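A quick write-up on the structure given underneath.
The values are calculated or read from the model by the stated rules, or taken from the named source; none is laboratory data. Bear in mind that the values here come from a model prediction, so they are computed numbers and not experimental data. Positions of Cβ are backbone-derived with ideal geometry, glycine not excepted, and every protein chain shown enters the neighbour counts.
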Amino acid sequence: MKIHNTLTNKLETFKPIHKDTVNIYVCGPTVYNYIQIGNARPVIFFDVVRRFFEYLGYTVNFVSNFTDIDDKIITKAIEDQKTELEVAEKFIKAFYEDVERVGSSTKYLAPRVTEYMSSIISYIEKLVDRDYAYVVDGDVYFRVSKVEDYGILSGRNINDLTSGARIEINKNKENPLDFTLWKKTDKGIKYPSPWGEGRPGWHTECVAMIEDIFGGKIDIHGGGADLMFPHHENEIAQNHALHNHKIANYWMHNGFLNIDNKKMSKSDGNYILVKDLDYDYMGFRLFTLSTYYRSPINYTDELLTSYVNEWEKLKRTYTQAFYKLDLADYLDEKVQAYEPLKKIEDNFIEAMSNDFNTANAITELQNLVKYTNQKTRQKDALNELLAAVKLFTTFFEILGLDPRVSRMSKATRSIYMEWADARKNKNFEKADRLRETLSEKGIL
Ligand SMILES: [Zn+2]
């Protein structure tokens, strides 16, 4: 397994910290709104990362947080005359619905800031004790100048960053790059701390959770490319202050999903919410996975439509093959390996093992479609067809594509028999009518 590590900017062979286990942490959403289709890209991609590691036989501990305390949540709560907790609950529920819509698993550990407050506070206390953080009038800031290799992930250096930083009107900071660990607040929900009432800064929640859940060291840290700086850089800096080991051995960042060549933006009205997407979500999943995760995707309605149609074709091929085997009572037979399929399988796994290149893997899925269509048309190819259906199942499981096909019910089977009889007896009117029903079910 090879992974492109953002930290080194190299393709590296994956070596887990603990044998047969992969510990992954992916930064989750701030829950004050419904998610856009751009936010669905990491939701889909890292779900595939988990699925593929599981396919390879690893136990995967997948963690992705909820930021349920934040300025935006407070603003939303005031706007809607609700509590912050109510706002967060509503959008956590909505987030899980969207995750399910796009075919990703919701069964992973999802820590929330409100549940980790004491861990976050004690993490900040340690940083203050070691002089990596300083307190000014109830606020706590991280002292960036104390970390020698600050900028290591995003490839920036501290001098360039300092001169390029916007001059902030914050006299409390020693250095404009210093970031907030704890913020004194007088608006919205407040928590008690050794520095007075307030709430934690965003950058500490992920490191405190990784500390608590994984002992401060994970295999893979993931997120969107926009999180690389400053969020992930600041995670590295804080971990560096407390430990002499890396927080994550591999950093993975997915590229953006733009709309009509423009960055998705709420203020420009240039965005589409996942829940409002008026297409088959499996087609959308196929669309996002058809580009290598590090490359940007440019969304257009035409492009998505073409992938939705592609998904329909894929599904039809699979469904027809599946039902042909079902009608022949062949689904439980033992399958023999076939050379052409072996090649497709090997190429698929090789593509996935090469930094999760789902784009190349999907090319193999399309080769499987061609092969299967041929075998469906042949008379005596049930064994080849069964091998193809099994391979389809494997590919679908890895990519999280679900054709939602199950064995034919007794009722459907009898419609099929009736259709076959009508055809044999040249009762074309009846046969046509039944054919339509069966075609709607994807059987013919
Ligand atoms: Zn994070």
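Just to check your reading of the model, which residue among Tyr191, Tyr250 is in contact (Cβ under 8 Å) with a residue 12 or more places away in the chain and surrounded by fewer than 20 Cβ atoms within 10 Å (Cβ to Cβ)? Reasoning before the result, please.
Working: Tyr250 fails: surrounded by fewer than 20 Cβ atoms within 10 Å (Cβ to Cβ).
Going through Tyr191, Tyr250 in turn, the sole match is Tyr191.
Quick check on segment 15-25. Is at least one of its residues surrounded by fewer than 21 Cβ atoms within 10 Å (Cβ to Cβ), under 21 Å from the mean Cα position of the chain (by Cα) and more than 20 Å from Asn254 (Cβ to Cβ)?
Yes, segment 15-25 contains at least one residue that is surrounded by fewer than 21 Cβ atoms within 10 Å (Cβ to Cβ), under 21 Å from the mean Cα position of the chain (by Cα) and more than 20 Å from Asn254 (Cβ to Cβ).
Considering only residues of segment 394-413 that are at pLDDT 95 or above and part of a helix (DSSP H, G or I), which is farthest from the chain's Cα centre (by Cα)?
Thr394
Suppose the filter is outside any loop (DSSP other than H, G, I, E, B) and more than 31 Å from the chain's Cα centre (by Cα); does Lys375 pass it?
The answer is yes for Lys375.
Of the conditions (1) over 30 Å from Leu391 (Cα atoms); (2) touching a residue at least 40 places away in the same chain (Cβ under 8 Å); (3) not in a helix (DSSP H, G or I); (4) not hydroxyl-bearing (Ser, Thr, Tyr), Lys82 fails just one. Which one is it?
(2)
Yes/no matrix, rows are residues, columns are (1) in a helix (DSSP H, G or I); (2) under 23 Å from Met282 (Cβ atoms); (3) modelled with pLDDT of 95 or more:
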residue: Val22; (1), (2), (3): no, no, yes
residue: Arg51; (1), (2), (3): yes, yes, yes
residue: Ala88; (1), (2), (3): yes, no, yes
residue: Asp98; (1), (2), (3): yes, yes, yes
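Which residue, of Ser119, Ser154, Ser163, Ser145, is at pLDDT below 95, of a type in the set (S, T, N, Q), within 16 Å of the ligand (Cβ to nearest atom) and in the same structural domain as Ala241 (by TED's automatic domain parsing)?
The match here is Ser154.
When only residues in segment 1-35 that are free of Cβ contacts under 8 Å to residues at least 12 places away in the same chain and closer than 25 Å to Tyr150 by Cα count, which is nearest to the ligand (Cβ to nearest atom)? It would help to see each step written out before you state the result.
Taking segment 1-35 as the starting set, the residues that turn out to be free of Cβ contacts under 8 Å to residues at least 12 places away in the same chain are 8, 10, 18-19.
Still in the running and closer than 25 Å to Tyr150 by Cα: 8, 10.
On the way: Thr8: 20, Lys10: 23 Å.
Out of the qualifying residues, it is Thr8.
Here are some residues: Leu438, Leu382, Leu368, Leu434. Which one is in contact (Cβ under 8 Å) with a residue 40 or more places away in the chain and surrounded by 14 or more Cβ atoms within 10 Å (Cβ to Cβ)?
Working: Leu438 fails: in contact (Cβ under 8 Å) with a residue 40 or more places away in the chain; Leu368 fails: in contact (Cβ under 8 Å) with a residue 40 or more places away in the chain; Leu434 fails: in contact (Cβ under 8 Å) with a residue 40 or more places away in the chain.
Only one candidate passes the filter, namely Leu382.
Any chance you could count how many residues in segment 232-241 are out of contact with any helix residue (DSSP H, G or I) (no Cβ under 6 Å at 6 or more places or on another chain) and either within 10 Å of the ligand (Cβ to nearest atom) or assigned to a strand (DSSP E or B) (or both)?
Matching residues across segment 232-241 total 1.
When you check Val49 against the structure, is it under 12 Å from the mean Cα position of the chain (by Cα) and either hydrophobic (A, V, I, L, M, F, W, C) or more than 16 Å from the ligand (Cβ to nearest atom) (or both), yes or no? First the steps, then the outcome.
Details: under 12 Å from the mean Cα position of the chain (by Cα): yes; either hydrophobic (A, V, I, L, M, F, W, C) or more than 16 Å from the ligand (Cβ to nearest atom) (or both): yes.
The answer is yes for Val49.
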